[in-house]
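The values are calculated or read from the model by the stated rules, or taken from the named source; none is laboratory data. Remember, predicted model here, so these are calculated numbers, not experimental data. Neighbour counts are summed over all protein chains in view; Cβ atoms, including those assigned to glycine, are modelled from backbone coordinates with ideal geometry.
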Amino acid sequence: MIGTLDAKIPPGPLDQKWRNHRDHSRLVSPNNRRKFEIIIVGSGLAGGSAAATLGELGYQVKCFCYQDSARRAHSIAAQGGINAAKNYQNDGDSVYRLFYDTIKGGDFRSREANVYRLAEVSSNIIDQCVAQGVPFAREYSGLLANRSFGGAQVSRTFYARGQTGQQLLLGCYQALCRQIAAGTVEMFPQTEMLDLVIVDGHAKGIISRDLVSGKIDNYAADAVVLATGGYGNVFYLSTNARGCNVTATYRAYKKGALFANPCFTQIHPTCIPVSGEHQSKLTLMSESLRNDGRVWVPKRKEDCDKAPAEIPETERDYYLERKYPSYGNLAPRDISSRAAKEVCDEGRGVGPGGRGVYLDLADAIKRLGEQTICERYGNLFEIYEKITGENAYKMPMRIYPAIHYTMGGLWVDYNLMSNLPGLYVIGEANFSDHGANRLGASALMQGLADGYFILPYTLPNYLAGQLSKRPSTDHPEFKKAESDVRAKIDNLLKVNGKRSLDSIHRELGALLWEKCGMLRNKKGLQEALTKIPELRSEFWNNVRVPGDDEDFNQSLERAGRVADFLEFAELMCTDALARDESCGAHFREEHQTSEGEALRDDENFADVFAWEFQGNGEIAEPKLYREPLHFETVHLTQRSYK
Ligand SMILES: Cc1cc2nc3c(=O)[nH]c(=O)nc-3n(C[C@H](O)[C@H](O)[C@H](O)COP(=O)(O)OP(=O)(O)OC[C@H]3O[C@@H](n4cnc5c(N)ncnc54)[C@H](O)[C@@H]3O)c2cc1C
């Protein structure tokens, strides 16, 4: 063990920690708040909600995003819903149960105190969003409706058809616009953060590039908040928006912020299967469909080429219902994904290349009628038909696992502050709450909890000691960071080689999918760790980045992001190799139960792994810090969904 980390978990009983912590945190008085400037990078649900709330409190906020509008952040893509422990269905839900489901779903690799707080504030989020006018689905009586997501035996997911993220983001965006009009939030769209500036050990600013004019700018602040989303696109093909990347968090890592559990990446079981070599994006079919859909493959290999309607009920293997009778089609994502791969590996997959399983809503349509199914999931059926040309009301969907979400992220303590004072990290960009596997509908909950309800309480605790300490952008640290950014851009444009960015990125993605994807083993990870530096060298010697830096140049934007992925991939594999156990989505083939489930090693690995960049700009073996996870309330068990 090289070092330990202090998560600053408040003392006291689990259900009183957050209240006590708020009661004893330092405050910034209303007339002093306008003296503080806060940079928020990211305007998705996490960044947008934080910017709106801090603006409303009276702070001066500068909010950055690379899209042309805050309203286009990747959060808009979220489909299925958002969890909250409201127990509206009277089916036995509670704060404790949401907390327990989340800890268990994450295979006991997250912090009890953070997760309990998340479950506690979950109800406030729904009230806040309803007050903003978010059109959650309702029962005939007018009460808010719920459905179920994986890893839960209650219905606690609030939703707006299959476009929950969009509706939540519209609510958040209105709150943000109100603050923009009030002058407390200044928005910088189409502006990419390219470096973090550290002054006297504190995060005090960023270097950015205007993506339209190419202009490089410096911004100083009293604190910096990263809300820059996940890095699933390191795999090239994922369900994430094409723009999602690791640049902001990776460059903060290179400035000293610790990166936690980078190998914890989620593979979602219900995506439209890959259809060809030149595809650049995968599409999710929301997990919510598994409320009413049944997953199956033919029992016999010989039936795989038959039309599904020709395969009688007795010849179908509803393998999730068979293997996990109590959760059935709502087994968690990591488990459902591996089960799909297993039946395809047995040669019982359907569709092109045998890499697909059926998600069949026929029973539900018979029971509830097409109209009801359309009301619940209509837009998902439309998306499916546009992409595959098949009508899923008439025949089952074909689905296969794909990269979807990243549980890893920058390390933060209970206050959501990284190890660098003044640098906060919220939403998918941090590692905090989901352990080794996130439950469905919990990412929106976490992003909005962080932005609306947690950061606004914990940030003042830091700011209270920072009055009049904001540096000027003339400080040498800003000049140095700016010149490093310019040098990196020049180097990218100078290579002038023959290979396209996509071809290199695709090669990296295929390597990671094979060696650090759904299954991992020591030999494969070691091979990846040899090949990634070779690919990086190929990039820096042979990539072609057309255009120049003083204009709108999307190739240049992407080149910087791919360059960071090529370094970050090595960190992921290093982490996956060091974690010599299986847990949740991190499935090391060497460690499995006799039934093929993930086999944890709690004695040696009930820790967060947090990595520190070494190498003075060049890549060197990163340094590992470990944060031991203390379980005082839950009892660690082998996860069972049977
Ligand atoms: C298809 C799909 C469906 C999903 N459905 C659900 C669901 O039903 N329920 C659920 O709980 N979760 C769902 N998720 C997950 C969830 O949508 C995301 O985890 C969540 O929206 C992330 O929010 P965020 O605010 O952290 O980041 P994002 O929404 O990704 O926002 C990131 C922001 O950071 C900005 N940014 C990034 N880098 C930079 C930079 N260098 N400079 C400037 N700006 C930068 C971007 O412009 C953007 O504004 C889904 C995910 C996908 C892919």
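Inspection of the range 111-122 finds no residue satisfying the criterion of being farther than 30 Å from THR184 by Cβ, within 15 Å of the ligand (Cβ to nearest atom), assigned to a helix (DSSP H, G or I) and in contact with a strand residue (DSSP E or B) (Cβ under 7 Å, 6 or more places away or on another chain). Would you confirm, using the coordinates I've provided, whether LEU535 is touching an Asp or Glu at 6+ places or on another chain (Cβ under 9 Å) and in contact (Cβ under 8 Å) with a residue 24 or more places away in the chain? So LEU535 fits the description; yes.
Of all the listed residues (TYR140, TYR96, TYR88), the sole one being touching a residue at least 12 places away in the same chain (Cβ under 8 Å) and either surrounded by fewer than 16 Cβ atoms within 10 Å (Cβ to Cβ) or farther than 21 Å from LEU168 by Cβ (or both) is TYR96. Checking ALA481, ALA443, ALA449, ALA510 one by one, the residue that is among the small types (Gly, Ala, Ser), more than 16 Å from the ligand (Cβ to nearest atom) and at negative phi is ALA510 and no other. In this entry, LYS8 is excluded by the filter for residues that are more than 29 Å from TYR173 (Cα to Cα), crowded, with 16+ Cβ neighbours inside 10 Å, away from the ligand (no atom under 16 Å from the Cβ) and modelled with pLDDT of 95 or more. Only one of the listed residues (GLY205, GLY229) is touching a His at 6+ places or on another chain (Cβ under 7 Å) and either within 24 Å of LEU54 (Cα to Cα) or not acidic (Asp, Glu) (or both). That residue is GLY229. Residues of the range 241-280 that are within 10 Å of the ligand (Cβ to nearest atom) and over 30 Å from TYR59 (Cβ atoms): GLN266, HIS268, CYS271.
Give the residues of the range 151-160 that are out of contact with any Ser or Thr (no Cβ under 6 Å at 6 or more places or on another chain), away from the ligand (no atom under 11 Å from the Cβ) and not hydrophobic (A, V, I, L, M, F, W, C), sorted by residue number.
GLY151, GLN153, ARG156
For the range 205-230, a residue qualifies if it is touching an Asp or Glu at 6+ places or on another chain (Cβ under 9 Å) and within 10 Å of the ligand (Cβ to nearest atom), and the qualifying residues are ILE206, SER208, ARG209, LEU211, ALA227, THR228, GLY229, GLY230. Considering PRO421, PRO396, the condition of being touching a residue at least 60 places away in the same chain (Cβ under 8 Å), within 26 Å of the chain's Cα centre (by Cα) and surrounded by fewer than 24 Cβ atoms within 10 Å (Cβ to Cβ) is satisfied by PRO421 alone. In the condition set (1) within 14 Å of the ligand (Cβ to nearest atom); (2) part of a helix (DSSP H, G or I), CYS374 is compliant with all but (1).
State which residue is surrounded by the fewest Cβ atoms within 10 Å (Cβ to Cβ) when the search covers only the range 600-613 and only residues that are in contact (Cβ under 8 Å) with a residue 24 or more places away in the chain and farther than 28 Å from ALA252 by Cα.
ASN604
Here's the yes/no breakdown for (1) within 9 Å of the ligand (Cβ to nearest atom); (2) assigned to a strand (DSSP E or B); (3) aromatic (Phe, Trp, Tyr):
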position	(1), (2), (3)
ALA52	no, no, no
CYS63	yes, yes, no
TYR66	yes, no, yes
TYR88	no, no, yes
LEU98	no, no, no
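Pairing each residue of the range 284-299 that is in contact (Cβ under 8 Å) with a residue 40 or more places away in the chain and among the polar types (S, T, N, Q) with any residue that is within 16 Å of the ligand (Cβ to nearest atom) and part of a helix (DSSP H, G or I), provided the two are 6+ apart or on different chains, yields C-beta distances under 6 Å for SER286/LEU380.
When you check GLU277 against the structure, is it modelled with pLDDT of 95 or more and farther than 28 Å from VAL485 by Cβ, yes or no? Considered against the rule, which asks whether it is modelled with pLDDT of 95 or more and farther than 28 Å from VAL485 by Cβ, GLU277 comes out as no.
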